[in-house]
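These notes concern the structure reproduced below.
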Amino acid sequence: MSKQTIFLLRDTSLTQDKTRDFQILFLKVARDLGIEDSIQAVRASDLGIYDKGYVIKDLTNEVIYANLQESDIEKFLKATLMGEGSVDEFKYTPDKCQLRIVLRNCGVIDPESIDEYMAHEGYCALAKALTEMTPEKVIEEMKKSGLRGRGGAGFPTWMKWSFARNSLDETRFVVCNGDEGDPGAYMDRSILEGDPHAIVEGMILAGYAIGAQRGFFYIRAEYPLAIKRIEKAIAQAYERGLLGENILGSDFSYELEVRLGAGAFVCGEETALIESIEGKRGMPRSRPPFPADKGLWNHPTIINNVETLAAIAQIINRGGEWLARIGTEKSKGTKVFAITGKVKNSGLIEIPMGMTISEIVYGIAGGVLGGQKLMAVQTGGPSGGVIPEHLINTPVSYEHLAEVGSIMGSGGLIVMDEDDCMVDIPRFYLRFCVEESCGKCAPCRIGGYQMLKIIDRIAEGKGVEADLEKMKRIAEGMQKASLCALGQTAPNPVMSTMKYFAEEYRQHVQDKKCRAGKCTKMVQYSIDQAKCKKCKLCVVNCPVGAISGSREEGYVVDQVKCIKCGTCYEVCKFNAIVRK
Amino acid sequence: MKTKKLTKEDILNACKATAPKGDYVKVGISTCGVAAGAQDTFNVFVEETKRLGIKIDITKCGCIGMCYAEPLVEVSAGGLPTVTYGKVDKNIAQEIIQEHLAHGRLVDDAIFEMPMNR
């Protein structure tokens, strides 16, 4: 078989798929030119390029051509295979693409094999640090890189490390915070499962830098596969002498073990996490003293997020300046996001800091599902806020996101379209925080509960004007007086929606209307007899049998039985279901 | 079995050794992949290639990130460029074995790509 050039074909309009016709035509033209044997034309499902007409990727030479027409095929084939003419004008380079540093090995190597990790520069950073660098030099390199904590707050990693390093107490600990609890976030799990050795290496390097003797992985028990793979990675590292006494012949000795969290959201907060590892109930301590000064068993402890630790080996390998060249002035490097919600391609992505939210949603994730209009983007989970449509050109960095009233958070990014209610969404997050509040401090325990009661009232159509003002007051109290970040940030989703979607709150309170139909207490479904074609589709699909009647007399919705799920509204082809 | 303790040289040599990798099939098996049926897909690859006598490395890997297209399978075989297949259920897995592995033809409507730098 002679060497073939392989083309992937794809029609990238979101509305209809005409790729099959294009492929038939493509092969016909190739046959006419007598070159059908030297090519293979394959229909691709997705090339990550959208709204660019027909796209052809020359897989053999790794070149992408976009915006082609059916009439261009002959010209294209002649140019690429017969050397006649040129089709350079169709060449396309995706301007916005991912940059994988933390995720570089995820999906590439076998996570359960230390040898594969080592074949991908694994443990090189450790060898370099232990033999050529002093702990101070490692911290210096981290400082140059400008890496900031990826757990959400964005505290400079090097600073945390040097606090612990300079402590007079010689017993020190490192903790990996793998207690990921935000709804819709799974970055840490994917890294733990996809590249466990990178985090083990990061943990050893962190231990070396601060002079620790022991390190703990704190991973929630809901991640059994992540736990299994980390435990396996630790065992392999012990076997090869990368953990234990005198690592690689140096004076440095270090132990690692895994501790499981039982899934309390508050245990992701560092002081509560410390209590949990110590075997106590997971409740935050008051700060100061900070953990870097007095943490586990009152010894200096640094707690880093999974994503932060996964980046460390690369920084040591390539130098701090390398990372500092990526990103914005104050936010360096890349950030992993888990994109979920009403988006075409949900998934895990890693982008350089400074890319805008719009570029992420439209450029990488393929836009809003079903071509709907984007309403808002939520970042930071229950601690974050919403970013409305008119601000989606905000660049992703700690500062810019804080400016618009949200936070970077750990990396959940939820896309919302017009079917989402901006009262219902913060209500969900607030309920989550109230359920997860540990109850230690009053502002969070009582304030959260009272806020939830008010927003429930608004969603049920019983809100009054004064409620909005009252919520603001409670929120301010919580933000100022709560003991830990859970309480301090719990009002954020409510506050930011009240700021950007004030009109929607007004409708709920004054008009007792929910635009999206999500606040079910305010919604009533009925059938417009003039539009109804008596097709019975709603009758068949109603899950509770609330629609009855006959062809002659017409159908009606029994308001007592109706659970307001909206199924009839969605299935009706004639817009005969009225939602009020 | 006692494994030899590594030295610095071992680690540096391991990085440098870029042994040419033979043909392989890699199935993304993280929690997300498993939830989408990746374990079944993996089993089909192992059993079918054995039944047909196709010799190929079948390994597991982590999550590549295209969650909407799980289970994901990366295939590099028969001198063809490496491609990633998405939404690989048992049927598509069969098709990949029959078409790609046995006959060197890529499978239509199953390839997913996303532009990225590493």
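The values are calculated or read from the model by the stated rules, or taken from the named source; none is laboratory data. Just so it is clear, the model here is predicted, and its values are computed rather than measured. Cβ atoms come from the backbone with ideal geometry, glycine included; neighbour counts cover every protein chain shown. To get the accessible areas, we keep the full protein, side chains included, count just its heavy atoms, and leave off ligands, DNA and RNA. Shrake-Rupley method; radii C 1.70, N 1.55, O 1.52, S 1.80 Å.
A few points about this structure:
- Total residues in segment A:279-319 satisfying the condition of being under 17 Å from A:Gly178 (Cβ atoms) and not small (Gly, Ala, Ser): the figure is 12.
- Some residue of segment B:96-118 being under 15 Å from the mean Cα position of the chain (by Cα), in a strand (DSSP E or B) and in contact (Cβ under 8 Å) with a residue 40 or more places away in the chain: yes
- Segment A:336-346, subset buried (at least 24 other Cβ atoms within 10 Å of the Cβ) and under 10 Å from the mean Cα position of the chain (by Cα), residue farthest from A:Tyr50 (Cα to Cα): A:Val336
- Residues being part of a helix (DSSP H, G or I) and touching a Pro at 6+ places or on another chain (Cβ under 9 Å) - total across segment A:562-580: 1
- Cβ pairs under 6 Å, 6+ apart, first in segment A:210-233 and in the same structural domain as A:Leu273 (by TED's automatic domain parsing), second of a type in the set (Lys, Arg): A:Ile210/A:Arg165; A:Ile210/A:Arg172; A:Gly211/A:Arg172; A:Ala212/A:Arg172; A:Phe216/A:Arg259; A:Tyr218/A:Arg259; A:Tyr223/A:Arg189; A:Ala226/A:Arg189
- Check on A:Glu84, closer than 29 Å to B:Lys60 by Cβ and either in the same structural domain as A:Asp51 (by TED's automatic domain parsing) or open to solvent by 40 Å² or more (accessible area, probe 1.4 Å) (or both): no
- Leading residue by the ranking (farthest from the other protein chains (Cβ to nearest Cβ)) among those in segment A:87-128 that are among the small types (Gly, Ala, Ser) and either open to solvent by 60 Å² or more (accessible area, probe 1.4 Å) or touching a Leu at 6+ places or on another chain (Cβ under 7 Å) (or both): A:Ala125
- Segments classed as strands (runs of 3 or more DSSP E), wholly inside segment A:206-306, with at least 1 members that are small (Gly, Ala, Ser) and either open to solvent by less than 10 Å² (accessible area, probe 1.4 Å) or more than 12 Å from chain B (Cβ to nearest Cβ) (or both): A:214-220, A:255-261
- Conditions (1) more than 7 Å from every other protein chain (Cβ to nearest Cβ); (2) on the phi < 0 side of the Ramachandran plot: number failed by A:Gly146: (2)
- Scanning segment B:43-70 for residues that are touching a residue at least 24 places away in the same chain (Cβ under 8 Å), closer than 20 Å to A:Arg229 by Cβ, open to solvent by 10 Å² or more (accessible area, probe 1.4 Å) and over 9 Å from the mean Cα position of the chain (by Cα) turns up B:Ile64, B:Cys67, B:Glu70.
Rundown of residues vs (1) at pLDDT 90 or above; (2) under 30 Å from A:Asn246 (Cβ atoms); (3) in a helix (DSSP H, G or I); (4) more than 8 Å from every other protein chain (Cβ to nearest Cβ), yes/no style:
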site: B:Lys5; (1), (2), (3), (4): no, yes, no, no
site: B:Ile11; (1), (2), (3), (4): no, yes, yes, no
site: B:Lys21; (1), (2), (3), (4): no, no, no, yes
site: B:Val34; (1), (2), (3), (4): yes, no, yes, no
site: B:Lys50; (1), (2), (3), (4): yes, no, yes, yes
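- Residue satisfying all of: in segment A:339-357; assigned to a loop (DSSP other than H, G, I, E, B) and within 18 Å of A:Tyr398 (Cα to Cα); nearest to the other protein chains (Cβ to nearest Cβ) among these: A:Met355
- Within segment A:384-424, the set of residues being at pLDDT 90 or above and hydroxyl-bearing (Ser, Thr, Tyr) comprises A:Thr394, A:Ser397, A:Tyr398.
- Hey, B:Lys87 assigned to a strand (DSSP E or B) and either within 9 Å of another protein chain (Cβ to nearest Cβ) or in contact (Cβ under 8 Å) with a residue 60 or more places away in the chain (or both) or not: no
- Of note, B:Val46 satisfies the criterion of being out of contact with any helix residue (DSSP H, G or I) (no Cβ under 7 Å at 6 or more places or on another chain), modelled with pLDDT of 90 or more and more than 12 Å from every other protein chain (Cβ to nearest Cβ).
- Selected residue (only one of A:Gly363, A:Gly279 is touching a Lys or Arg at 6+ places or on another chain (Cβ under 8 Å) and either at pLDDT below 95 or farther than 17 Å from A:Lys160 by Cβ (or both)): A:Gly363
- Lone qualifier among A:Ile392, A:Ile360, A:Ile326 - being open to solvent by 10 Å² or more (accessible area, probe 1.4 Å), within 14 Å of chain B (Cβ to nearest Cβ) and of a type in the set (A, V, I, L, M): A:Ile326
- Elements of type helices (runs of 4 or more DSSP H) in segment A:107-194, at least 3 residues being under 21 Å from A:Arg214 (Cα atoms): A:124-132, A:135-145, A:157-165
- Test: residue in segment B:22-29 that is under 30 Å from A:Met118 (Cβ atoms) and of a type in the set (Phe, Trp, Tyr): yes
- Taking the criterion of being of a type in the set (Val, Ile, Thr) and part of a loop (DSSP other than H, G, I, E, B), the only residue of segment A:552-561 that qualifies is A:Val560.
- A single entry from A:Glu359, A:Glu350 fulfils the requirement of being under 21 Å from A:Gly202 (Cα atoms) and not assigned by TED's automatic domain parsing to the domain that holds A:Tyr186: A:Glu350.
- Tabulated pairs, segment A:326-345, first under 18 Å from A:Asp420 (Cα atoms), second surrounded by fewer than 24 Cβ atoms within 10 Å (Cβ to Cβ) and among the hydroxyl-bearing types (Ser, Thr, Tyr), C-beta under 6 angstrom, 6+ apart or interchain: A:Ile339/A:Ser346; A:Thr340/A:Ser346
- Only residues that are hydroxyl-bearing (Ser, Thr, Tyr) and in a helix (DSSP H, G or I) were counted across segment A:307-332, and they come to 1.
- Qualifying residue in segment B:52-71 (condition: in a loop (DSSP other than H, G, I, E, B) and of a type in the set (Asp, Glu)): yes
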